[in-house]
Amino acid sequence: MEDFIKYAKNKVYFYIESKFWSKLDINTFHAWLSNFDTIEEKYCALKLLDRFVFYSEEDMIRLLQFGFFELIFKRKALEEEIAHNFNLSNDELNRLKNDFIRDAIVLPLRTDNLSESSLAMARYLTNDFGFPEENIVDQNNLKSEKLLRSKNLIIIDDFIGSSNQLFQFWNFEKIQLDKKIITPKELRKMFPNLEVEYFCLVSSEDGLLNFHSNNFDVGLRITFCEKLTNKYKVFGKDSVYFDNEEVESCKNVLDLLCKRKGIPLFGYTNLDYAMAFHHSIPDSSLPLFYIQNKKWNPLFKNKNTFAHDNIQ
């Protein structure tokens, strides 16, 4: 155990000092590690960090570029190529790409509050890839005139965990079109020539399956850049974080610790991922990474970090 702890700490130091884990500093790491009192607890904590999935700012920009241009745009370009018997010149393809950037409408996904995740993505699209700011739209101020001029409405967010948030947004969220209140799914009928698409940087395997199995006729295309399979569930039977024989014992160690410190063991809808982005950490990751209270120091922060701050 002690050898692994030393190895894993040095690995984390390297990630922090090299800025692979952007926004994280040594003091924050030390404060977080101090939450774990026993050598067994520290071992479990560092097993999580040894395989922790982190997307730096560079990673996010890379995924956005891949998703918007290699997946979404090339799919549309292929349609044009087929229509022109694959005789389009490079100049014509570049014109199509510029038209796509100029005309696509981007809607940051929003539920209760405009998320820092979708805001960060929108900022990269405008600053790094030239998407017009006026085409980053607010769901409370959609205009029919703008939607009629475009062929693409792309809803953006960073991560599909359980898919509950996407399900709630698509089916029940109230958005304003001109002066009318509708749900996002009604846009499909109101604008039949507008392709409505949901784009995320990363999706969980279960999240995709859950959404499609419950919404097989929804008519919403989902595009994602990377998929986290079930082996990235911390306490799953195929977990990459723990050896098979230690999954249950480490789960028990962390469960007792979380109860003692007054924080939940599992994240949103009982999910158990160990992943974060440069700008934030999803609430489907384990709360021990992001909750703060009088007994617990967070490693990362999100909108739920201070939700338990009044716990003694």
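The values are calculated or read from the model by the stated rules, or taken from the named source; none is laboratory data. Source: prediction; values computed, not measured. In this analysis, Cβ positions are derived from the backbone assuming ideal geometry, glycine residues included, and neighbour counts consider all displayed protein chains.
Out of all the residues in the range 214-246, which are more than 20 Å from Val202 (Cβ to Cβ), modelled with pLDDT of 90 or more and of a type in the set (A, V, I, L, M, F, W, C)?
Matches in the range 214-246: Phe242 only.
In the range 152-165, how many are within 15 Å of Phe199 (Cβ to Cβ), touching a helix residue (DSSP H, G or I) at 6+ places or on another chain (Cβ under 8 Å) and not aromatic (Phe, Trp, Tyr)? I'd like the intermediate steps shown before the answer.
Initial filter on the range 152-165 (within 15 Å of Phe199 (Cβ to Cβ)): 152-160, 163, 165.
Imposing the further condition that a residue be touching a helix residue (DSSP H, G or I) at 6+ places or on another chain (Cβ under 8 Å) reduces the set to 152-160, 163.
When the remaining residues are screened for being not aromatic (Phe, Trp, Tyr), the result is 152-158, 160, 163.
Of the residues in the range 152-165, 9 are within 15 Å of Phe199 (Cβ to Cβ), touching a helix residue (DSSP H, G or I) at 6+ places or on another chain (Cβ under 8 Å) and not aromatic (Phe, Trp, Tyr).
Determine whether Asn85 is farther than 26 Å from Ser118 by Cβ, of a type in the set (S, T, N, Q) and surrounded by 18 or more Cβ atoms within 10 Å (Cβ to Cβ).
So Asn85 does not fit the description; no.
Quick one: Asn85 ticks every box in (1) over 25 Å from Gln168 (Cα atoms); (2) outside any helix (DSSP H, G or I); (3) in contact with a Lys or Arg (Cβ under 8 Å, 6 or more places away or on another chain) bar one, so which box is it?
Unmet for Asn85, out of (1) over 25 Å from Gln168 (Cα atoms); (2) outside any helix (DSSP H, G or I); (3) in contact with a Lys or Arg (Cβ under 8 Å, 6 or more places away or on another chain): (3).
If you take the residues of the range 62-74 that are surrounded by fewer than 18 Cβ atoms within 10 Å (Cβ to Cβ) and under 16 Å from the mean Cα position of the chain (by Cα), which of them is nearest to Asp103 (Cα to Cα)?
We begin by selecting, within the range 62-74, every residue surrounded by fewer than 18 Cβ atoms within 10 Å (Cβ to Cβ); these are 62, 65-66, 69-71, 74.
Now restrict to residues that are under 16 Å from the mean Cα position of the chain (by Cα): 62, 65-66.
On the way: Arg62: 22, Gln65: 17, Phe66: 19 Å.
It comes out as Gln65.
Out of everything in the range 141-167 that is part of a loop (DSSP other than H, G, I, E, B), of a type outside the set (S, T, N, Q) and surrounded by fewer than 18 Cβ atoms within 10 Å (Cβ to Cβ), what residue ends up being nearest to the chain's Cα centre (by Cα)? Give the derivation first.
Of the residues in the range 141-167, the ones part of a loop (DSSP other than H, G, I, E, B) are 141, 143, 150-151, 161-163.
Restricting the remaining residues to those that are of a type outside the set (S, T, N, Q) gives 143, 151, 161.
Subset that is surrounded by fewer than 18 Cβ atoms within 10 Å (Cβ to Cβ): 143, 151.
Numbers: Lys143: 27, Lys151: 25 Å.
If we take residues in the range 141-167 being part of a loop (DSSP other than H, G, I, E, B), of a type outside the set (S, T, N, Q) and surrounded by fewer than 18 Cβ atoms within 10 Å (Cβ to Cβ), then Lys151 is nearest to the chain's Cα centre (by Cα).
Out of all the residues in the range 225-235, is one or more free of Cβ contacts under 8 Å to residues at least 12 places away in the same chain, within 21 Å of Leu48 (Cβ to Cβ) and not in a loop (DSSP other than H, G, I, E, B)?
Start the filter on the range 225-235 by keeping residues that are free of Cβ contacts under 8 Å to residues at least 12 places away in the same chain, which leaves 231.
Those left that are additionally within 21 Å of Leu48 (Cβ to Cβ): 231.
With the extra rule that they be not in a loop (DSSP other than H, G, I, E, B), the set shrinks to 231.
Checked against the condition, which is being free of Cβ contacts under 8 Å to residues at least 12 places away in the same chain, within 21 Å of Leu48 (Cβ to Cβ) and not in a loop (DSSP other than H, G, I, E, B), the range 225-235 yields at least one hit.
Inside the range 1-45, can you point out the residues that are surrounded by fewer than 11 Cβ atoms within 10 Å (Cβ to Cβ) and under 24 Å from Tyr55 (Cα atoms)?
Listed by number, the residues that qualify are Asn10, Ser18, Asn27.
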